[in-house]
Amino acid sequence: MKTIDLNADMGEAEDADGIASELAILKFVSSASIACGGHRGDADSMARVSGEAISQGVRIGAHPAYPDRENFGRTSFVLGKDISEGALRAELEKQINALKDIVAKQGARIGYVKPHGALYNDAVNSAKLSDIMTDVIYHIDPSFAFMGAPNSEMGRAAARQGLKFIAEGFIDRRYTDDGHLQSRAIEGAVIRTHAKRMAQLHGLITTGEVETAGQNIIKISCDTLCLHSDSAGALETAASARDLIEAADVLVCAAPRPANNNAAI
C-alpha cells in the first residue's frame with residue numbers, strides 16, 4: 001500500500017485559540033515539526049506540543065531557524081555578514097538540543113530536523129548552508145533525518161553526510177517553474193483557499209504533479225506533505241487532507257516507522 005507522511009509546522013502559536021488549533025491538528029498528521037526557539041517557541045511550548053504529539057503517536061522533528069524572532073525567521077541572513085558560520089552552528093546546536101532534551105525527558109526521541117522559513121529557502125540553492133546544517137545534525141545524532149526540498153542542495157548535503165533525506169512537498173504553497181517555493185513576498189505564494197489547497201494535495205498524491213504560479217504542470221517527488229499550522233483554516237486543511245489522502249487509498253504514516261515506538265516518533 002502506498003504511504004505518505006503528513007507533517008505540520010508546530011509550536012508557533014502564542015494565543016489561546018492558536019494553541020488549541022495546533023494541538024487539534026495533531027489528530028490528523030503523522031509528523032510535527034516543532035519550533036525550538038529561533039523564530040518562535042520556548043521550553044513550555046516545546047514540552048506542550050511534543051507531549052501531545054507523543055500521546056498521539058506523532059513523530060517529532062526539530063524546526064530550527066535563523067535567530068530572528070522579530071521577523072518570524074523569514075528574513076535571509078548572509079553568512080559572514082549577518083551571521084558567522086560559527087554563530088550559526090552554535091545557534092542550530094542550541095535549538096535542536098533544546099527540543100531533543102525536552103523530548104528525552106518525556107521518554108521519546110526526535111526523528112528529524114527541518115529548517116524553517118528563510119533558513120530553509122536559503123539552503124535550497126546553497127551547498128555551504130546545507131552542509132553546515134547536515135554536519136550539525138550528524139554530530140548531534142546521525143540517526144536524525146533531514147527534511148527539506150526535493151531536487152535541492154539540501155538533499156545532496158544529506159547524501160554527502162550519510163543522513164536519511166525526507167523530500168517535502170507543500171499543500172498550501174505555490175511553486176515556481178523550477179520546482180521550488182515561490183517567495184512569500186509575491187501575492188498568491190500562499191494558497192489561501194481550501195479548495196485550491198485540496199486540489200494541489202490531490203495532484204501531489206495521485207500524479208505527483210502541481211500547477212505552478214506560471215500555470216505550467218511539473219512533477220514534485222516527495223515523501224512528506226506539509227501544511228502550516230499558523231495559516232488561516234489550517235485545522236480544516238489538516239482534517240480534509242487526511243480524509244482525501246485516505247480516500248485515495250494512501251496510508252498516512254511517518255516512514256519508516258521505528259521498531260520501538262519511543263525510538264524516533
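Readers should treat all values here as calculations from the given coordinates under stated rules, not as data from a laboratory. Here the structure is a predicted model, which means the values were calculated and not measured. Cβ: placed from backbone, ideal geometry, glycine included. Neighbour counts: every protein chain shown.
Using the rule -39500 (n - 2.57) for each DSSP H run of four or more residues, divided by the residues of the chain, the 222 nm mean residue ellipticity is -12500 deg cm²/dmol. Taking the Cα centre of segment 3-252 as reference, the dipole from Cβ charges on Lys and Arg (+1) and Asp and Glu (-1) amounts to some 380 debye. Taking the Cα centre of segment 124-265 as reference, the dipole from Cβ charges on Lys and Arg (+1) and Asp and Glu (-1) amounts to some 120 debye.
For a 30 Å ceiling on Cα separation, which of these pairs sit above it: LYS100/LYS164; LYS2/LYS196; LYS2/LYS128; LYS2/LYS27; LYS94/LYS196; LYS94/LYS128? If you can, show how the numbers build up before the last one.
Values: LYS100/LYS164 18 Å; LYS2/LYS196 23 Å; LYS2/LYS128 35 Å; LYS2/LYS27 21 Å; LYS94/LYS196 38 Å; LYS94/LYS128 20 Å.
Pairs exceeding 30 Å: LYS2/LYS128; LYS94/LYS196.
For segment 41-118, what is the relative contact order in percent, using Cα pairs closer than 8 Å and at least 6 residues apart in sequence?
On the way: 81 pairs, mean separation 38.0, N = 78.
For segment 41-118, the relative contact order is 49 percent.
As a rough guide to protection, the peptides 172-179, 85-92, 45-52 ranked by mean Cβ packing within 10 Å, highest first, stand as 45-52, 172-179, 85-92.
For the chain, the relative contact order works out to 24 percent when only alpha carbon pairs closer than 8 Å and six or more residues apart are counted. With a ≥ b ≥ c the root eigenvalues of the C-alpha gyration tensor of segment 122-171, is it rounded (a/c under 1.5), prolate (a/b larger than b/c) or oblate? It is oblate, given that a/c is not under 1.5 and a/b is not larger than b/c.
Its Cα centre serving as origin, segment 7-63 has a Cβ charge dipole (Lys and Arg +1, Asp and Glu -1) of approximately 320 debye. Highest average first, the peptides 133-144, 186-197, 63-74 ordered by how many other beta carbon atoms sit within 10 Å of their residues are 63-74, 133-144, 186-197. Beta bridges per DSSP, both residues in the chain: antiparallel share near 15 percent.
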